[in-house]
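Coordinate-derived values only; no laboratory data. None of these values were measured; they are calculated from a predicted model. Ideal geometry is used to build each Cβ from the backbone, glycine not excepted, and the neighbour counts take in all protein chains shown.
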Amino acid sequence: MDIVKFQQELIDYSKTIGIDKIGFASASPFDELKSRLLRQQELGYQSGFEPKDIEKRTNPELLLPGAKSIIAIALAYPAKLKDAPRSTRSERRGMFARASWGEDYHHILRDRLQKLESFILEKLPDAKLQSMVDTGELSDRAVAERAGIGWSGKNCAIITPEFGSYVYLGEMITNIPFAPDTPIEDQCGSCRACLDACPTGALVQGGQLNAQRCVSFLTQTKDFLPDEFRTKIGNRLYGCDSCQTACPKNKGIDFHFHEEMEPHPEVVKPLLKPILSISNRDFKETYGALSGSWRGKKPIQRNAIIALAHFKDRSAIPELKQVLKEDPRPVLRGTAAWALGKIGDESAIDILKEASLKEKDEQVLDEIEKGLNMLGK
């Protein structure tokens, strides 16, 4: 088969199935990435969500014996919410980050990659293929950078000339020797807008992220949020877009190419108070299709409590009182106690004192004490 001709056929086909950008890279080891990952490990900058085996993360041959090249794909997602509901004093709202708008992107990219696989196998039945999205061993960003999809920005996101950094990434390792594309030259220059915009200083320097301080990571944890980060979360329920919205390359960027990615305004910018008592069934029905639901409702509920404290929403005191008195989960009871103190209403004093007499969990008792201290008691 004429591989050059087939490669062009594959590119043409990709456009017909909703792939916004496709690139090709060699499957040689990612030696520079390996060094960076080892350094991140030494510094304790990893989130803990990453695959553990650094060799497999940086050597495609270990994932697909005989690997010759990697196909990288990118799909642009929306950056602006149409008909966004307003947050009012008595009806405060939270936000899901843009990467959690619409249907879970893992499903969308897997669908596109499966179609590519079928196209390839129809022409080359003996081809070996291994596709992955986000949770696979390979670094989506390292592959996309090598394949000329975009450059790796100081915000640790791939920035494309066409769609900014608002793109989902996926890849396919193959034993077909496709011609590699040329990487795009870094265009960040001396700009440091993302570094300055990061709420927690998680961007240690251009291209280096301390995931343990990243708000996007913190919103996905299930334990008590460390005190220093509670005032940084704002009304974020899942994820953080600060380093993307600050990027000049994203100015004016907003693409609505894919129906599955279109967000439902009431779902991605929901009322906060109802989240505190939402049932498992209702959570699954309302948020289950979002990528932001993967950790379950507990982190979302904890973040909603922190958001109500951020707004100092006195109208939420009855709901917070109920969580403190009745929720079986210490993290939510304790966070509610802290939030009552943060809101600063005197009616919270009696609520917290009453709870302290019945509470048995030491961490929750510590949070009750924090709340009372903030109220001057």
Cα extents of the stretch 312-377 per principal axis, largest first, Å, are 25, 22, 16
So for R0 = 51 Å, FRET eff. of residue 363-residue 12 from the Cβ-Cβ r, to 0.05, ends up at 0.30
Ranked by GNM mean-square fluctuation in the chain (Cα springs under 10 Å), the top entry among 214, 191, 240 is 191
Per-residue Cβ contact counts at 10 Å, fewest first, order 61, 145 as 61, 145
Given pairs 52/342; 21/222; 222/251; 222/321; 56/123; 15/68 and cut-off 31 Å on Cα-Cα distance, the over-length ones are 52/342; 21/222; 222/251
Any trypsin sites (Lys or Arg not before Pro) in the stretch 176-283 that lie in a DSSP loop and have at most 13 other Cβ atoms within 10 Å would be 222, 251
About its Cα centre, the stretch 36-194 carries a charge dipole, from +1 on Lys and Arg Cβ atoms and -1 on Asp and Glu Cβ atoms, whose size in debye to the nearest 20 is 720
Cα-Cα pairs in the chain separated by more than 39 Å, as a whole percent of all pairs, come to 24
If every Lys and Arg gets +1 and every Asp and Glu gets -1 at its Cβ, then about the Cα centre the chain yields a dipole, in debye to the nearest 20, of 1040
At the level of C-alpha centres, the distance separating the stretch 197-253 and the stretch 46-112, in angstrom, is 15
Hydrodynamic calc, the stretch 78-156: Kirkwood Rh from Cα pairs, then Stokes-Einstein at 20 °C with viscosity 1.002 mPa s, so D in µm² s⁻¹ is 132
Once normalised by the length of the chain, the mean sequence separation of its alpha carbon contacts under 8 Å that are 6 or more apart gives a contact order in percent of 20
Relative to the chain, whose Cα atoms define the longest principal axis, helix 297-310 and its Cα axis are tilted in degrees, nearest 10, by 60
Loop-resident GluC sites (Glu not before Pro) in the stretch 304-377 with no more than 15 other Cβ atoms inside 10 Å, DSSP not H/G/I/E/B, are 346
